[in-house]
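These notes are about the structure you will find just below.
Just so it is clear, none of the values below were taken in a lab; they were calculated from the coordinates. Computed from a prediction, not measured in an experiment: that's the story for all the values here. For neighbour counting, all protein chains shown are included, and Cβ atoms are generated from backbone atoms with ideal geometry for every residue, glycine included.
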Amino acid sequence: MAETEPGTTDAGIRIRTATAADLDAVMALEQAAFPASAWERATMQAEIASEWGRYLIAVDGDGRALGYAGLRAVGVEGDVQTIAVAEVARGRGIGRALLAELLAEAGRRGVRELFLEVRADNEVARGLYASVGFEEIGVRPRYYQPEDVDAIVMKQTERA
């Protein structure tokens, strides 16, 4: 399957497929966004390299990483694995642009049921997901550790 490159957002941010060369930048964003529950480096490395999904990175004109996102797609089911945007770049539509490309990728891969987990205390992310058709379908109590925060399970109900 040929990889498509999403291009540049209205804010001048380029979104492209993440590669192994982006691992340090992705891990820096991961650790800043999720300090207590960041993924291990080896886990992220395996995710970026996996044929079962696609990871994206958003960079500015100087090549600085401002966000990343990941999709895992197996057959007709998929999961938005993660989305993170650097604190200094939030509110500029980068998370929405990353999510839009993940949704497009899910469509290209034939995903019919798309799921995600989001922190119960992250109202901004929950609102973003709801705005593109995700509905809350359940709760995973105490999912995020060590913070002891529930995860809200969401499903996009109107997939093409």
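Taken as a whole, region 92-99 holds at least one residue that is on the phi > 0 side of the Ramachandran plot and within 16 Å of the chain's Cα centre (by Cα). Scan region 144-160 for residues that are under 16 Å from Ser37 (Cα atoms), outside any strand (DSSP E or B) and not acidic (Asp, Glu) and the total you get is 2. Scanning region 127-143 for residues that are of a type in the set (Phe, Trp, Tyr) and part of a helix (DSSP H, G or I) turns up just one, Tyr129. Could you tell me which residue of region 74-84 is nearest to the chain's Cα centre (by Cα), considering only residues that are surrounded by fewer than 24 Cβ atoms within 10 Å (Cβ to Cβ) and over 15 Å from Trp39 (Cα atoms)? My answer is Asp79. If only residues of region 40-55 that are touching a helix residue (DSSP H, G or I) at 6+ places or on another chain (Cβ under 8 Å) and in a helix (DSSP H, G or I) are counted, the one that is farthest from Met27 (Cα to Cα) is Ala49.
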